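Enquirer: The structure under discussion is supplied below as structure tokens; questions concerning it will follow.
The values are calculated or read from the model by the stated rules, or taken from the named source; none is laboratory data. Computed from a predicted model, the values in this text were never measured in an experiment. FYI the Cβ positions are ideal-geometry reconstructions off the backbone, even for glycines, and counts take in every protein chain you see.
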């Protein structure tokens, strides 16, 4: 017999065994998956099976529902940022090392194409151009206006 003082499950019809199974899931779920869970909770639905949550549970407090919805939006934004970052070259935003600078200047002096230099250094063409301007090898673009 279950202890009547035990905390009742948040989800209608959920047992302690269900909670144990759910807690064994990957704790590092993708932000998109976590956002979907928060959206379901904010809507009053069990995130795994879509059943209705108990109306008297904490999820139904206005501040909790608003926080869940805002958390979902933040996680969706994080997912978009990660997707964008995954499309960028690997060294974008990282500091330039002396070795990177030497390779950049050597390739530029050898008249290699800026796109090829960028690819070789794991940078964007704009990043390579900016670095060459910093080293005085390229003139900065003329001001607009």
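Enquirer: Against the condition part of a loop (DSSP other than H, G, I, E, B) and either at pLDDT below 95 or surrounded by fewer than 13 Cβ atoms within 10 Å (Cβ to Cβ) (or both), how does residue 89 come out, does it pass?
Expert: no
Enquirer: Given the conditions (1) more than 30 Å from residue 38 (Cβ to Cβ); (2) part of a helix (DSSP H, G or I), report the number of the one that residue 76 does not fulfil.
Expert: Condition not satisfied by residue 76: (1).
Enquirer: Still on this structure, I have one more. Filter the range 75-92 down to residues that are touching a helix residue (DSSP H, G or I) at 6+ places or on another chain (Cβ under 9 Å) and closer than 19 Å to residue 121 by Cα, then give me how many there are.
Expert: Residues that pass the stated criteria total 3.
Enquirer: So which of 56, 100 ends up being surrounded by 11 or more Cβ atoms within 10 Å (Cβ to Cβ) and farther than 25 Å from residue 32 by Cα?
Expert: 100
Enquirer: Among the residues of the range 104-139, which ones are part of a loop (DSSP other than H, G, I, E, B) and exposed (fewer than 10 other Cβ atoms within 10 Å of the Cβ)? Give the derivation first.
Expert: Filtering the range 104-139 for residues part of a loop (DSSP other than H, G, I, E, B) gives 110-113, 122-124, 135-139.
Across the range 104-139, the qualifying residues are 110, 111, 136, 139.
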